[in-house]
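Engineer: Questions regarding the structure given below will be posed in turn.
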Amino acid sequence: MRLTFIGHATWLLEGYKNVLIDPFITSNPQAQAAGITVESLLDKVDLVVITHGHFDHIENALDFGKRGIPVVGVFEVAEYLRINGATNTVGCNIGGWFEVGGVKMVYTPAVHSSSLIKENGETIYLGNPAGVVVELDGVRVYHTGDTALFGDMALIGELYKPDVMLLPIGSLFTMGIPEAVKAVELVKPKVAIPMHYNTWPPIEANPEVFAQAVAECCSETQVIIVNPGESVEITA
Ligand code: NI
Ligand code: MN
């Protein structure tokens, strides 16, 4: 399975099916710097998976959804996208495993918020924020979504045994580095990859500091720093 970092919290998982998580491309400075466009992804993506309704996670969902590409999200997010033109949405919630287009996934808790705030002040409630574990080609990827650290991450590790954990380290909106290191300690993935940092100045972080701290606490986990536009191959 090939994992490509589009930048910020946006990932392309390529395997038996191609899954795009949290499509934020047009206004994503890291995607722009890497030269990645929505157009370059439209013919490639079989399935879009969304963790929560914030702009930096759903900006381009309708570009895929209006073409009939299935879009999976927490019920309120899925309904919002359906009402706005996505033709094949799957609304779900945090709970248990399900399958869409042959791809198994389970939504997990995240400690965060989920809404869209319009310029006119209207706020659209978009359900609870989530993380998601996606299984592709026998590899389990846990995208934590935007989240703070919480103790039940240990349960997610115990129950779903993710091979790869994609987790934020940028602080301000999410975990910072000390919290993310503890999250790795709780989940015990084989590989941890930092995200949601250095997109804008308020979420600057040094991934080498994260990698060093994980090396000291968690010998079973390898940190891979993937730069926007880069890919890594993960085998089960
Ligand atoms: Ni968010
Ligand atoms: Mn975010």
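Engineer: Just to be sure I understand the model, the point goes 7 Å from the Cα along the line to the Cβ. What's the resulting Phe55 to Glu158 distance in nm?
Structural biologist: So the two model labels end up 4.0 nm from each other.
Engineer: Evaluate the distance, in nm, between pseudo-label points positioned 7 Å from the Cα of Lys17 and of Ala215 along their respective Cα→Cβ axes.
Structural biologist: 3.8
Engineer: For a label point 7 Å from the Cα of Gln32 along Cα→C-beta, name the residues of the stretch 210-231 whose backbone N is under 17 Å from it.
Structural biologist: Hits in the stretch 210-231 for Gln32 at 17 Å: 228-229.
Engineer: What's the Kirkwood radius of the chain in Å, using all Cα pairs? Present the calculation step by step, with values, prior to reporting the outcome.
Structural biologist: Values: mean 1/r = 0.0575 Å⁻¹.
Taking the inverse mean of 1/r over all distinct Cα pairs, the chain comes out at 17.4 Å.
Engineer: Another question, then. Ordering Lys161, Lys118 by accessible area with a probe of 1.4 Å, largest first, what comes out? Mind dumping the intermediate values first?
Structural biologist: Details: Lys161 140, Lys118 90 Å².
Order by accessible area, largest first: Lys161, Lys118.
Engineer: What is the magnitude of the charge dipole of the stretch 114-236 about its Cα centre, with +1 placed on the Cβ of each Lys and Arg, -1 on the Cβ of each Asp and Glu, and no other charges, expressed in debye to the nearest 20?
Structural biologist: 140
Engineer: Ignoring ligands, DNA and RNA, how do Leu42, Leu12 rank by accessible area with a 1.4 Å probe, largest first? List each step's numbers first, then the result.
Structural biologist: Numbers: Leu42 25, Leu12 5 Å².
Accessible-area ranking of Leu42, Leu12, largest first: Leu42, Leu12.
Engineer: In the stretch 9-134, what percentage of the DSSP-assigned beta bridges are antiparallel, given to the nearest 5?
Structural biologist: 60
Engineer: Only Cα pairs under 8 Å and at least 6 apart count here; give the relative contact order of the chain as a rounded whole percent. Could the numbers behind the result be given before it?
Structural biologist: Details: 596 pairs, mean separation 42.9, N = 236.
In percent, rounded to a whole number, it is 18.
Engineer: Find me the longest stretch of the chain that has none of the exposed GluC sites (Glu not before Pro), where exposed means in a DSSP loop (not H, G, I, E or B) with at most 16 other Cβ atoms within 10 Å.
Structural biologist: Formally, the longest exposed-site-free interval is 1-118.
Engineer: If you roll a 1.4 Å probe over the chain with all protein chains in place, what percent of the accessible area is carbon or sulfur? Don't skip to the end; give the middle numbers.
Structural biologist: On the way: 4920 of 9660 Å².
On the chain, the fraction of accessible area on carbon and sulfur atoms equals 51 percent.
Engineer: Using +1 on the beta carbon of Lys and Arg, -1 on that of Asp and Glu, and nothing else charged, what's the dipole of the chain about the Cα centre, debye to 20?
Structural biologist: 360
Engineer: Based on Cβ point charges of +1 for Lys and Arg and -1 for Asp and Glu, what charge dipole magnitude is obtained for the stretch 30-129 about its Cα centre, in debye rounded to the nearest 20? If you can, show how the numbers build up before the last one.
Structural biologist: Details: 6 positive and 11 negative charges, 39 e Å.
It works out to roughly 180 debye.
Engineer: Let me ask something else. Among Gly170, Tyr142, Leu159, which residue has its Cα furthest toward the positive end of the charge dipole of the stretch 111-206, with +1 on Lys/Arg Cβ and -1 on Asp/Glu Cβ?
Structural biologist: It is Leu159, whose Cα lies furthest towards the positive end.
Engineer: I'd like to verify something in the chain: which complete DSSP H helices, judged by Cα projection on the helix axis, reach 24 Å or more and average at least 0.5 on the Kyte-Doolittle scale? It would help to have the intermediate numbers written out before the result.
Structural biologist: On the way: long enough: none.
Answer set is empty.
Engineer: Rounded to the nearest 5, what is the percent of antiparallel bridges among the DSSP beta bridges in the chain? If you can, show how the numbers build up before the last one.
Structural biologist: Details: 29 of 48 bridges.
Within the chain, antiparallel bridges account for around 60 percent of the total.
Engineer: Would you mind getting the accessible area per residue of the chain, heavy atoms of the protein chains only, 1.4 Å probe, in Å²?
Structural biologist: Details: 9660 Å² over 236 residues.
Per residue, the chain has an accessible area of 41 Å².
Engineer: Still on this structure: Please list, by residue number, everything in the stretch 2-18 whose backbone N is under 13 Å from a paramagnetic label point 7 Å out along Cα→Cβ of Glu208.
Structural biologist: No residue qualifies, since no backbone N sits under 13 Å from the label point.
The values are calculated or read from the model by the stated rules, or taken from the named source; none is laboratory data. Because the structure is predicted, anything quoted here is derived from the model rather than measured. Cβ coordinates were reconstructed from backbone atoms using ideal geometry, including for glycine residues, and neighbour counts include every protein chain displayed. Only protein heavy atoms, including side chains, enter the accessible area calculation; ligands, DNA and RNA are left aside. Shrake-Rupley method; radii C 1.70, N 1.55, O 1.52, S 1.80 Å.
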